[in-house]
1. Rounded to a whole number of µm²/s, how large is the Stokes-Einstein D of region 611-688 at 25 °C and 0.890 mPa s, given Rh as the Kirkwood radius over C-alpha pairs?
2. Between Phe739 and Ser793, what's the calculated FRET efficiency when r is the beta-carbon distance and R0 is 25 Å? Round to 0.05.
3. Could you please state, rounded to a whole Å, how far the C-alpha centre of region 603-678 is from the C-alpha centre of region 253-291?
4. Give me the Å³ per residue figure for the convex hull around the C-alpha atoms of region 694-797.
5. For Lys561, go through the aspartates and glutamates and keep the ones whose alpha-carbon is under 12 Å away, minus same-chain ones fewer than eight residues off.
6. Taking 2.2 N^0.38 Å as the expected size of a compact globular protein, what ratio does the Cα radius of gyration of region 392-441 give against it, to two decimals?
7. For region 499-543, report the % of Cα-Cα distances exceeding 16 Å.
8. With no solvent and one point on each alpha carbon, what is the Debye value of log10 I(q)/I(0) for the chain at q = 0.08 Å⁻¹?
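The values are calculated or read from the model by the stated rules, or taken from the named source; none is laboratory data. Fair warning: this is a prediction, and the values are worked out from it, not measured in the lab. Here Cβ is always computed from backbone atoms with ideal geometry, including for glycine, and neighbour counts include all displayed protein chains. Just the protein is used for accessible areas: all its heavy atoms, side chains included, with ligands, DNA and RNA removed. Shrake-Rupley method; radii C 1.70, N 1.55, O 1.52, S 1.80 Å.
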Amino acid sequence: LLRNNNHPYREEYLIEICDCIAIFYAVSQRVQCNVDDIKAMLGLFEFMVLNKEFEKSERLKACSYLLSLSLYQSMDPSDHAPYINPRDNSKVGKNEILKPENAELHTALNKMQNCMATINKVHNSQRHSASFMLLIIVMVYKIRAKVEQTTAPHVSKNCSTALRHGALEGLYKGFLLNRTLLEEFGQIKQTIFVTLADCFCELFELCDKETRDYYTKEADEKRRQQQPQYHRSSQSHHRKQRGLTTMLLVLIYLSHHSRPFCDMFIKNAAGKSFVEFLDNTADLPTSWFHLYAKFIYELARVEPLTVYQQIIQEKCEKLNLENIWAILEKTASIYVSKKITVPAQRFMNENLNTSNNAFESFMQNQSFNNMMNSGQTEIVWEEPPEMLDTEIRIVCSVLKVLESLGSIEEVQQTLDFANRPPGIVALLFRLLQCAVPTKVRSYTISCISAFVQNSAVQADRVWEMIERDQILYTQRQTHQPITKGVELDLIDGEKDGADATYPVTVAFCKLLKELLTTTGIPQALGQGARGQRPPGIHPYTDYIREFVFTRWAKRDYKHAKEQWQMASTCLEIFDALLDKFNPSNLKPNENMRFLFMKHPSFELLTLLLAPHSNLVEVILDIYQKAFIICDGEAQYGDDTMGYVKTALRSSLKLISRAIEKEESFLNICQRYWPQKLSLKPLNITLLTQQYREQVISFAKCIEYGNDTHVASYSLSILTHLNKAQQGVTLRSVFADQIFILQNSFSTQLFNPPVHIESSNQQLPDIRVSIVQFLLKSIKAAGHNLGLMLLAFSEQSA
């Protein structure tokens, strides 16, 4: 089956192997194994790795690493928890597999060590997997020796051998980046990360010398390369040493995808010692400085205050606030365009090479001859140098570290304009004015967003700086082309087709969201500086709505993550606008355009309630696509799925928010502008045939086990739609699919309430809301929706 690529059952067989290994891993956490079990696992591993199909099968590679982790847990060298012994009436007790009497086990482990340490004439992937198994066995002996306060067998040499032969490289490429981890092992992935966190904490503590020797080889090689007598031709004779780089890539991946890993690492003394070692070796010219900074960012993203106080201030001299400021300030001074004064003779010489009629006529001009004879000078712009890839990585990495710390009050005060002029925000805006690549611009804007959080004063200042520096080209007049500003990111990106990326657009949307949620709407923004265009934030809301959001589905994206991040952020911006809007505060004015300019939320709600609303169509299109992805468990990465789920939740929240504002808004419009606005209640729009599929899926979102916010918003929308008792009603929509709503309601009523994580928004108990929905439905005449849900037949009614 394995060798025949065209066999109809080959894929099924490989999936079953994955299922079996996943069961072994699950059992290994709590079930006592005997010597025969361990020998069987070792035999299976050896058979799997030495199989000729191993190199070609990603599933077999992933299985080999999970089998090694299963072995680690089966022997539980740390005595973490009691185990169940299925051979002794399921007695619960200490795991005794490693007791000295099990000489047969130690013989098998030693034999496996010798085999894996001397394995040769195999592919790299086989050597890497064998080396990881060797490292696991070494760790088992070292941990057990620590627990029993004895000396471990002579395994240190094997630890160095395992690292040198690619144990960590295999873990990273053959397991963590393997699609099998996302697909076949997706449901147990987080548990796997916890096991790996335990392994690495023990590795840093017990194999400190071996690991540092392993890292030092890469540092030594870099130093040799910098020496004048170093010859590149000698590289071909030696395998490139990437020990520290590989370790950092593994740690970055685990810290990004696993909060428990971050918690365990931050609290581990050996982990902090490793960070200190990194700081001592990661000078700016080294190729791993940006990886070091990225790792610290991933830790700080989870526990910013703890990482800042216990790691950055104590262990990270090269990443403290002083050095980050210095790097950014130097970057801003190097890459800014500068005016310089040059002699006219030099100006002429530099332009002689560009022979053209215009320049020749300029040379013959009398004023030019006079300027040359009088020794005059010319003021020209000096273009800055082009940023190198290494510099881009360094600047972007320190920007991410700074972003992760931006929400800490102490950091904000330390870098504020009062304590360190001109202040970090002003420095970041200076960086935006420089000739830096798109990636640096996007990271800079994202970093500004972090310093806006929880500071209305800072947010007001950022609004003024955005307008002053024309980050969005708001001073552009009618029919004037777009020559600068963030719009160019979308314009240029859309030309790339399937390779299109929009990093600056996404970062700017994120910044606008933070500004709208942190401070009020600046009504006088840009006053006197926009020519004929009035002040306010309407150019920014128009940009988000017309330029970014409504064309969301019409453009191509290279990365699904960026596509869904853009959608979710725009939806959150609209929600922030509606949250600030109170229709009862509107005052009558004949000039509707003035109201739209002064109150962007007024215009947004008008567009949501418009007949055949294009905005509602895009919102529900995003919702439906997100629902299909979540319902079908599409295999996206963790980051992308996070944004998909946020888009799903935000789209429902926005519709629910619009419903909250609808009644009072329609009453005000009817009173003041009865003939000027064409509006339609949302229940009429949503109950049309166009959105039938979305309405039915609202019912599925209520089912127990889904996001609590998603269930609550969906139910509130259905409750509003259920008010319609004439024409198309909710009952008619669910006439032949009432079982969907019945299933969702019954699962919520039958099961205990879901614990809601800390949230700024208080949600009603969904069980109470369901009962209220039923009571209101039953009051309708005839065979109403309430009776249908309670399974009463039409004859019974």
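1. Once the numbers are plugged in, D ends up at 171 µm²/s.
2. Between Phe739 and Ser793 the formula returns 0.95.
3. 42 Å
4. 97 Å³
5. Filter leaves Asp638, Asp639.
6. For region 392-441, the normalised Cα radius of gyration is 1.19.
7. Roughly 49 percent, once rounded to a whole number.
8. For the chain, the Cα-only Debye profile gives -0.89.
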